[in-house]
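Novice: I'd like to ask some things about the structure below.
The values are calculated or read from the model by the stated rules, or taken from the named source; none is laboratory data. Computed from a prediction, not measured in an experiment: that's the story for all the values here. Reconstructed Cβ throughout: ideal geometry from the backbone, glycine too, with neighbour counts over all protein chains shown.
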C-alpha cells in the first residue's frame with residue numbers, strides 16, 4: 001500500500017507539473033483558433049464547420065472548441081474548457097484578437113481606413129470588368145491547362161486551393177477548388193510582408209525616405225540598435241534577436257497571440273549581431289517596419305489610409321484587408337487577405353516595374369532593389385521578397401522572385417517570361433509541386 005501511495009503521488013505530481021507547463025500554451029491555441037475562425041468567417045465567408053475541417057484541422061489547434069456569433073461578429077475558443085479567447089470583426093479592419101483582460105468595448109473608438117472602392121471600368125486585371133477573351137499566339141493553352149492540372153493533381157497531398165496565370169498582362173488560366181473562386185479572399189500570411197515592403201518603395205519614390213536611413217526609435221537611440229537602417233530591416237539582417245518558432249511559446253507566437261502592441265515585442269528585443277552580419281527571417285522585423293510607417297504619417301487616420309490610397313485601391317485590389325492589432329498597427333507580418341485575382345494584380349504591378357495603367361506607383365529601381373540577393377541569404381532572399389537566384393526551383397528561370405506565405409501562398413513574378421503566377425493552398429513544398437507547376441507554365445509561353 002505504501003508503494004502504491006508513493007507511485008500514485010509521483011504520478012499525480014507529474015500530471016500537475018505537465019498541466020502547469022502546458023497551461024500557458026492553451027491560450028496560444030485558443031488565440032490562434034478564435035482569430036482564424038473570425039477572420040475566415042467574416043472576411044472570406046467560410047462556415048465554422050469548413051474552417052474546423054480544413055484550416056484549423058492541424059496539430060494542437062484542432063483541440064480548440066470554437067463558437068461563432070454572427071450578430072456580434074465575433075468568434076471565441078477554449079481548450080478543454082480553459083483559456084477562453086475572443087476575436088472581434090470590424091468592417092475595414094478585419095478580425096482583431098483581444099488580449100487577455102481586454103473588452104470588445106475597447107474597439108469602439110477604432111478608426112477605419114477610408115477607401116475608394118469604385119469599380120474600374122476596364123477589363124481585368126487592370127479593372128473590374130471581365131477579362132479579355134483574346135487568344136494569344138505565343139501561348140500553348142493546352143499546356144497551360146496541363147500545368148493547372150499538375151498543381152491540383154493528388155490534391156489530398158498538394159492541397160491547392162487556387163491557381164492563376166497572367167501572361168503579358170492578360171489572364172490565360174485559372175482554377176479553383178469548391179468553396180473558392182476568383183473573388184474569394186485568401187489569407188496571404190507572410191505575402192503581406194511584401195505589401196509592407198512596397199509601401200516603403202512608394203514612400204521612397206515620393207521622396208519621403210531613403211532605405212539607407214537609420215530607424216529612429218527612441219528605444220534604440222542609446223545602444224547598438226541605433227545603427228539599424230530601413231534596408232537592414234527589409235533585408236532581415238538587423239541583428240535583432242527574434243525566435244521564429246510556431247510550435248512553442250516564442251517571440252513570434254507571443255507577438256501574434258498575446259500582445260496588444262505586436263511590433264513592440266520585436267522592438268524590445270536586443271541585438272545579437274551588428275546590422276548586416278547575419279540574415280535571420282523574422283516576422284517581428286516586418287511588424288517593426290509596419291509600426292515605423294506611422295512616423296511618415298501626420299496622424300493615425302492617414303496611417304490607416306495610406307496603403308489603400310497609394311497602393312491597394314490604386315491598383316484595384318478592392319478585396320484586400322490588412323488586419324490590425326489593438327494599437328491599430330497593421331499586422332504586416334501575417335494578416336493580409338485578398339482574392340487570388342487581386343494577389344495577381346500585385347504581382348503584375350511588379351512585372352510592370354511599378355507602373356499601373358499609365359501611372360507610376362514606385363520607381364523601377366525599386367524592383368531591382370527587392371530582387372537583389374541579400375548577403376548571407378545564399379541567393380534565397382532579397383528585400384521582403386524571396387528569390388530563385390540560388391536555383392532551388394531547378395527547372396524555373398532564376399530571375400523569378402516571389403511573395404511567399406505560410407501553407408504555400410505564393411505570388412511569383414518571372415520577368416524573362418512576362419509571367420505572374422499565383423498559387424494558394426494549405427500545402428507547402430515538397431507536397432506542393434512548385435517546381436513542376438511553374439516550369440510547366442514557363443514552358444507553355446514563348
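Novice: Of 157, 126, 112, 88, which residue is under 20 Å from residue 185 (Cα atoms) and loosely packed, with under 14 Cβ neighbours inside 10 Å?
Specialist: Answer to the selection: 112.
Novice: Moving on. What do you reckon, is residue 97 farther than 20 Å from residue 434 by Cα and touching a helix residue (DSSP H, G or I) at 6+ places or on another chain (Cβ under 6 Å)?
Specialist: Yes; evaluated as a whole, the condition is true for this residue.
Novice: In the range 392-446, what residues are free of Cβ contacts under 8 Å to residues at least 24 places away in the same chain and within 14 Å of residue 159 (Cα to Cα)?
Specialist: Those that are free of Cβ contacts under 8 Å to residues at least 24 places away in the same chain and within 14 Å of residue 159 (Cα to Cα): 428, 429, 430.
Novice: Among the residues of the range 54-78, what is the count of those that are free of Cβ contacts under 8 Å to residues at least 40 places away in the same chain and part of a loop (DSSP other than H, G, I, E, B)?
Specialist: Residues in the range 54-78 being free of Cβ contacts under 8 Å to residues at least 40 places away in the same chain and part of a loop (DSSP other than H, G, I, E, B): 9 in total.
Novice: Looking only at residues in the range 86-101 that are assigned to a strand (DSSP E or B) and free of Cβ contacts under 8 Å to residues at least 60 places away in the same chain, which one is farthest from residue 34 (Cα to Cα)?
Specialist: Filtering the range 86-101 for residues that are assigned to a strand (DSSP E or B) and free of Cβ contacts under 8 Å to residues at least 60 places away in the same chain, the one farthest from residue 34 (Cα to Cα) comes out as 90.
Novice: Of 171, 209, 166, which residue is farther than 24 Å from residue 366 by Cβ and touching a residue at least 40 places away in the same chain (Cβ under 8 Å)?
Specialist: One residue alone meets the criteria, 171.
Novice: Of the residues that make up the range 60-78, is at least one at pLDDT 95 or above, within 30 Å of residue 351 (Cα to Cα) and touching a strand residue (DSSP E or B) at 6+ places or on another chain (Cβ under 7 Å)?
Specialist: No: the range 60-78 contains no residue that is at pLDDT 95 or above, within 30 Å of residue 351 (Cα to Cα) and touching a strand residue (DSSP E or B) at 6+ places or on another chain (Cβ under 7 Å).
Novice: Residue 360: surrounded by fewer than 18 Cβ atoms within 10 Å (Cβ to Cβ) and within 25 Å of residue 321 (Cα to Cα), yes or no?
Specialist: Against the criterion (surrounded by fewer than 18 Cβ atoms within 10 Å (Cβ to Cβ) and within 25 Å of residue 321 (Cα to Cα)), residue 360 qualifies.
Novice: Quick check: anything in the range 379-394 under 20 Å from residue 307 (Cα atoms) and touching a strand residue (DSSP E or B) at 6+ places or on another chain (Cβ under 9 Å)?
Specialist: Yes; the residues of the range 379-394 include at least one that is under 20 Å from residue 307 (Cα atoms) and touching a strand residue (DSSP E or B) at 6+ places or on another chain (Cβ under 9 Å).
Novice: Sticking with this structure for a sec: Go through the range 367-391 residue by residue and tally those that are in contact (Cβ under 8 Å) with a residue 40 or more places away in the chain and more than 14 Å from residue 197 (Cα to Cα).
Specialist: Residues in the range 367-391 being in contact (Cβ under 8 Å) with a residue 40 or more places away in the chain and more than 14 Å from residue 197 (Cα to Cα): 4 in total.
Novice: Do we find that residue 233 is without any contact (Cβ under 8 Å) to a residue 60 or more places away in the chain, out of contact with any strand residue (DSSP E or B) (no Cβ under 8 Å at 6 or more places or on another chain), surrounded by 21 or more Cβ atoms within 10 Å (Cβ to Cβ) and within 21 Å of residue 367 (Cα to Cα) in this structure?
Specialist: Considered against the rule, which asks whether it is without any contact (Cβ under 8 Å) to a residue 60 or more places away in the chain, out of contact with any strand residue (DSSP E or B) (no Cβ under 8 Å at 6 or more places or on another chain), surrounded by 21 or more Cβ atoms within 10 Å (Cβ to Cβ) and within 21 Å of residue 367 (Cα to Cα), residue 233 comes out as yes.
Novice: Still on this structure, I have one more. For the range 419-446, name all the residues that are over 17 Å from residue 146 (Cβ atoms), in contact with a strand residue (DSSP E or B) (Cβ under 6 Å, 6 or more places away or on another chain) and surrounded by fewer than 22 Cβ atoms within 10 Å (Cβ to Cβ).
Specialist: Those that are over 17 Å from residue 146 (Cβ atoms), in contact with a strand residue (DSSP E or B) (Cβ under 6 Å, 6 or more places away or on another chain) and surrounded by fewer than 22 Cβ atoms within 10 Å (Cβ to Cβ): none in the range 419-446.
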